[in-house]
Amino acid sequence: MTEIDIRPLPALRLAAASDVVAPADVASTVEALFQEVQAVFGHAPGAQDVPIATYEADGERMRVVAGYVVGMLVPEGAESVDLEPVEQAAVLEHRGPMSGVRATWDALHAAIAERGLVADGAARERYVRAESADQADWIVELQQPTRTA
């Protein structure tokens, strides 16, 4: 059984960009959306400290949101996206290149099912450390809202 953490998630406001794409296009879309928001911020100190992406099924496609946690003000050129607080989420850390994140998501969803829970809402990825180009030292917290089955 994979060790996951079950905990609440706070409400957050993101300065973000979003798109609805085919599942095969999610990875390239996330990167492009982050770049779009980075262009809005430029090099403002601290503006890109907490990157978050969310994923939610939209029929046969996936709604992808990528952005950065902000206070009240969202700069012009970025979408204001409010993530509601989540009472219960399953959380698992992914370490290393994002090419392996699918396996970590699969492990998280298997652990959710083993605990008699089901996914309930948009999945989140909080990029704890995502600086190196080769992604070898990346740490991404996978967060899946859940409820009892």
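All of the numbers you see were taken from the coordinates with simple rules; none came from a lab. Keep in mind the model is a prediction, meaning the values are calculated, not measured. Note that each Cβ is placed from the backbone with ideal geometry, even for glycine, and that neighbours are counted across all protein chains shown.
Values as computed for the structure displayed
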| item | result |
| --- | --- |
| Listed residue (THR104, LEU33, PRO23) projecting farthest to the positive dipole end of the stretch 1-109, Cβ model | THR104 |
| Derived scalar couplings ³J(HN,Hα) [the stretch 87-102; Karplus, 6.51 cos²θ - 1.76 cosθ + 1.60; whole Hz; x for Gly, Pro] | 5, 9, 9, 8, 10, 9, 8, 9, 10, x, x, 5, 4, x, 5, 4 |
| For the chain, the longest site-free run once GluC sites (Glu not before Pro) in DSSP loop states with at most 12 other Cβ atoms within 10 Å are removed | 4-59 |
| Efficiency of FRET between ARG129 and VAL20 - r from beta-carbon atoms, R0 41 angstrom, step 0.05 | 0.90 |
| Between 0 and 90°, nearest 10: helix 26-41 axis offset from the chain longest Cα axis | 40 |
| Packing-based exposure ordering (other Cβ within 10 Å, fewest first) of VAL50, VAL69 | VAL50, VAL69 |
| The chain: translational diffusion in µm²/s, Stokes-Einstein, Kirkwood Rh over Cα pairs, 10 °C, 1.306 mPa s | 100 |
| Residue-span extension gain [ALA39 to ARG61] - 0.36 nm each, minus C-alpha spacing | 5.3 nm |
| Segment VAL50-GLU114, extension gain: residue separation times 0.36 nm, minus the distance between their alpha carbons | 20.0 nm |
